[in-house]
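Every number here is computed from the coordinates shown, using simple stated rules; none is lab data. If you're wondering where the values come from, they're calculated on a predicted model, not measured in any experiment. As a convention, Cβ positions derive from the backbone with ideal geometry for all residues, glycine included, and neighbour counts pool all protein chains shown.
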Amino acid sequence: MYHHWIGGEFVKGANGQTFDDLNPSTDAVYAKVTQGTSDDIVRAVEAAHQAFLSYRLVPPSQREEILIRAADLLQQHQAEFIEILLEEIGSPISKARKEMSTATAYLRASAGATRRVTGKTLPTDIPGRLSFSVRHPIGVVAGITPFNVPLIKCIKHAAMPLATGNTVVLLPSEEAPVIAHRIGQLFKEAGLPAGAFNVVTGNGYDIGDALTTHPLIKMVGFTGSSSVGKHIQALCGKLGKRCVLELGGKNALVLLKDGNLDQAVTASVVGSFLFQGQICMSSSRIFVEKPLFEPFVEKLIQAAKHLGIGNLSDPKTMIGPIINPRQRERVRNHIRDAKSKGAILHTGGDWTDHCCRPTIFSNVGSDCLLYNEETFGPVTAIYPVDSADHAISLVNESCFGLSASIFTNHLELAMRFADNVNAGMVHINGTTIQDEPHVPFGGVGASGFGREGTDISIEDLTEWKWITMQHKISS
C-alpha cells in the first residue's frame with residue numbers, strides 16, 4: 001500500500017480511499033495507492049512551504065552534494081528502478097536503461113547548476129551608488145508528470161527546483177505513482193530535508209486544479225496532453241503564476257533524395273516505435289522525397305516486422321504493452337479510421353495481447369484522425385514529397401511543433417529546414433527522439449509553452465531583485 005509522501009514520510013490520505021495501479025502487460029493490480037483529495041494537496045503544499053523557509057537558505061555546496069548523492073544512489077539502485085519501470089508502465093528494458101541514464105545525468109547536471117545562480121553588477125548614473133541584482137528562489141513549485149517517462153520527468157520536475165533553493169509538490173500520473181514514491185525515498189536517503197520534496201497521488205482530473213491554484217504554488221511544470229496543458233495555462237495566467245508546459249507532438253522526420261537511406265530507416269524505427277510509440281517526440285509523420293519513397297517504405301516495413309515484441313526483459317524488445325484500455329482503444333480507433341478512409345496499411349495493425357504490432361500506413365488523407373491527432377502508439381504514416389520546400393509546407397500544416405528531423409547531405413537545405421519548420425527542436429541527420437539535461441527542451445504551438453533544461457530553468461525558478469547601496473562621497 002502506497003500512501004502520500006509528505007514531509008519526508010508516508011502519510012495516509014484524508015478520506016482513506018485507494019485506487020489500483022495496474023501492470024499494463026496483464027492489467028493485474030501492481031499496487032494499491034492512496035487516492036488524493038484537495039485536503040491532501042493542501043497538506044503537501046503547506047509542508048513544502050514550511051520546508052522552503054529554511055531550505056532556501058541552504059548553501060549551494062549542500063544542495064549540490066544532495067543532488068550528486070541522489071545520482072549515485074539512483075545508479076546503485078538501478079535494478080530496482082528498472083524493475084518498477086518494466087512492471088508499472090510496461091517499459092522494455094532497453095528503454096528503461098536509457099531512462100535511468102538520462103535521469104542520472106539530469107541529477108548531476110542540476111547539481112552543477114547550484115553554482116550558476118548568479119547575479120549582476122549594474123552601471124548607474126547616481127554618483128556614489130553601488131547597483132547590483134541577485135536571484136532568489138521563488139518558493140513552492142508544482143510538478144505534474146506523465147506515465148511514459150516517469151523517472152525522467154519526476155527527476156526533471158524536482159531536480160532544478162531543488163538546485164535553485166525551491167521546494168516541490170509532485171502530482172504523478174495515476175499510471176505511475178510507485179516510481180514517484182521511490183524517488184521521494186531516494187531524495188530522503190540523499191539527505192534532502194523533510195518537506196522539500198512531496199508526492200500526492202490520485203487522479204489529476206480531480207485534484208490537479210487544487211494544486212495549480214493553491215496560493216503558495218508559485219510555478220507549475222506540466223508534461224502531458226495539449227488539452228490539459230491549455231487548461232493549466234489558463235489557470236496560471238488568471239492567477240499570475242509561472243508555468244512551463246511540455247505537451248503533445250505530431251513530429252515529422254524528413255528524408256531528402258540525397259540523404260542516407262539506411263540511417264533514415266534506423267532513425268525512423270527508433271522514432272516511430274521506441275516504447276511502442278508512447279513518447280511525445282515520436283516520429284508519427286515521415287516525409288520522403290519521391291526518388292527514395294519506394295525503397296524507404298520497403299526497408300522500413302522489413303525493419304518493423306523484425307522488432308521484438310512483448311518480452312520486456314529482452315534487450316531486443318522495442319514493443320511493449322499500451323498503457324491502459326482507454327489508450328488501446330484510441331490506437332485501434334486511429335487504425336480503423338485510417339483504413340476506412342482509404343489509407344494503405346503496409347504492416348501491423350494487429351495485436352498480441354496488449355501490444356500493438358508496429359504499424360505503417362501510406363496514402364493517409366487529411367480527413368483521417370491519424371493525419372491530425374497524436375496517436376501515442378506504434379503507428380506512423382509515410383508521405384511522398386517533391387522537395388524540401390514541399391516537406392516544410394506539409395510539416396507546418398500541423399498545430400503541433402515539438403520535434404522534427406531531416407536527413408540530407410545538403411547543408412543549405414538542412415539549414416533552410418531548421419530555420420523554417422515550426423518546431424521547438426530540430427535535428428539534422430538524427431532521430432526526432434533526443435534529449436540532454438542542459439538543452440532548451442520544449443515545443444511551440446500545441447506542443448508547449450516555455451522550455452525545460454538546467455540552464456534555462458534557472459530563469460524560470462528564480463526571481464530577480466535589484467539592490468542599491470549609497471555610500472558617502474568625499475568632497
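Normalised by the number of residues in segment 251-428, what is the relative contact order in percent for Cα pairs under 8 Å and 6+ residues apart? Intermediate results must be reported in sequence, preceding the final value.
Values: 343 pairs, mean separation 50.2, N = 178.
This gives 28 percent for segment 251-428.
By DSSP, the beta bridges lying fully in segment 251-428 are antiparallel in about 15 percent of cases.
For the chain, adding -39500 (n - 2.57) for each run of n ≥ 4 DSSP H residues and dividing by the number of residues yields -13000 deg cm²/dmol at 222 nm. Taking every C-alpha pair closer than 8 Å and separated by at least 6 residues, the mean separation divided by the residue count of segment 323-367 gives a relative contact order of 34 percent. Here segment 368-411 is scanned for amide nitrogen atoms under 17 Å from the site 7 Å beyond the Cα of residue 260 along Cα-to-Cβ, giving 405-411.
In segment 282-374, the ratio of gyration radius to Kirkwood radius, Rg to Rh, stands at 0.97 when only Cα atoms are counted. Coordinate range of the alpha-carbon atoms in the chain per principal axis, descending: 81, 62, 41 Å.
With the contact rule set at Cα under 8 Å and sequence spacing of 6 or more, what percent relative contact order holds for the chain? Could you put the intermediate results ahead of the total?
On the way: 1116 pairs, mean separation 87.2, N = 475.
Relative contact order here is 18 percent.
Amide H contacts for residue 447 (H built 1.01 Å from N in the peptide plane; partners 5 or more residues away or on another chain; cut-off under 5 Å): 401.
Want the number for residue 298 to residue 344: 0.36 nm per residue separation, take away the alpha-carbon distance, what's left?
Numbers: separation 46, 0.36 × 46 = 16.56 nm, distance 1.34 nm.
Additional length available on full extension: 15.2 nm.
The long axis of helix 325-340 is offset from the longest Cα principal axis of the chain by roughly 40 degrees.
In this structure, the amide hydrogen of residue 219, modeled 1.01 Å from its nitrogen in the peptide plane, lies closer than 5 angstrom to those of 142, counting only residues at least 5 positions away or on a different chain. In order along segment 30-47, phi translates into HN-Hα couplings of 8, 7, 9, 9, 5, 8, x, 10, 5, 5, 5, 4, 4, 4, 5, 5, 5, 5 Hz, rounded to whole numbers, per the Karplus curve 6.51 cos²θ - 1.76 cosθ + 1.60 with θ = phi - 60° and x for Gly and Pro. Taking θ as phi - 60° and the Karplus parameters 6.51, -1.76 and 1.60, the scalar couplings of segment 389-401 work out to 5, 4, 4, 4, 5, 6, 4, 7, 5, 7, 6, 7, x Hz in sequence order, x denoting glycine and proline. Measuring from each cysteine beta-carbon in the chain, the ones with no other cysteine beta-carbon under 4.7 angstrom are 154, 280, 355, 356, 368, 399. Taking amide H positions as modeled 1.01 Å from N, with prolines and chain starts lacking one, the residues under 5 Å from residue 168 and 5 or more places away or on another chain are 141, 197, 198.
Could you work out how far helix 78-89 tilts from the main Cα principal axis of the chain, as a 0 to 90 degree angle to the nearest 10? Helix 78-89 sits roughly 60 degrees off the main axis of the chain. Compute the long axis of helix 93-113 from its Cα atoms, compare it with the longest principal axis of the Cα atoms of the chain, and write down the angle in degrees, 0 to 90, nearest 10. Rounded to the nearest ten degrees, it is 30.
Averaged over residues, the count of other Cβ atoms within 10 Å places the peptides 14-23, 181-190, 103-112, 385-394 in the sequence 103-112, 181-190, 385-394, 14-23, highest first. Placing +1 on the Cβ of every Lys and Arg and -1 on the Cβ of every Asp and Glu, with nothing else charged, gives the chain a dipole about its Cα centre of roughly 1000 debye. Here the Karplus curve 6.51 cos²θ - 1.76 cosθ + 1.60, taken at θ = phi - 60°, turns the phi angles of segment 137-151 into couplings of x, 8, x, 8, 10, 9, x, 10, 10, x, 7, 6, 10, x, 5 Hz, with x standing for Gly and Pro. With R₀ fixed at 60 Å, the C-beta to C-beta distance from residue 316 to residue 471 puts the FRET efficiency at about 0.30.
The listed peptides 95-102, 217-224, ordered by packing as a protection proxy, come out as 217-224, 95-102 (highest mean of other Cβ atoms within 10 Å first).
Which of the peptides 131-139, 254-262, 374-382, 314-322 is most tightly packed, and how do the rest follow, going by the mean number of other Cβ atoms within 10 Å of each residue? Walk me through the numbers before you get to the answer.
Numbers: 131-139: 17.1, 254-262: 18.8, 374-382: 25.4, 314-322: 20.6.
Order by mean packing, descending: 374-382, 314-322, 254-262, 131-139.
When DSSP beta bridges are restricted to pairs lying wholly in the chain, around 45% turn out antiparallel.
Looking at the square roots a ≥ b ≥ c of the eigenvalues of the Cα gyration tensor of segment 251-428, which shape do they give, rounded for a/c under 1.5, prolate if a/b is larger than b/c, or oblate? Before the final figure, lay out each step's value.
Details: a/c = 1.70, a/b = 1.49, b/c = 1.14.
Since a/c reaches 1.5 and a/b is larger than b/c, the shape of segment 251-428 is classed as prolate.
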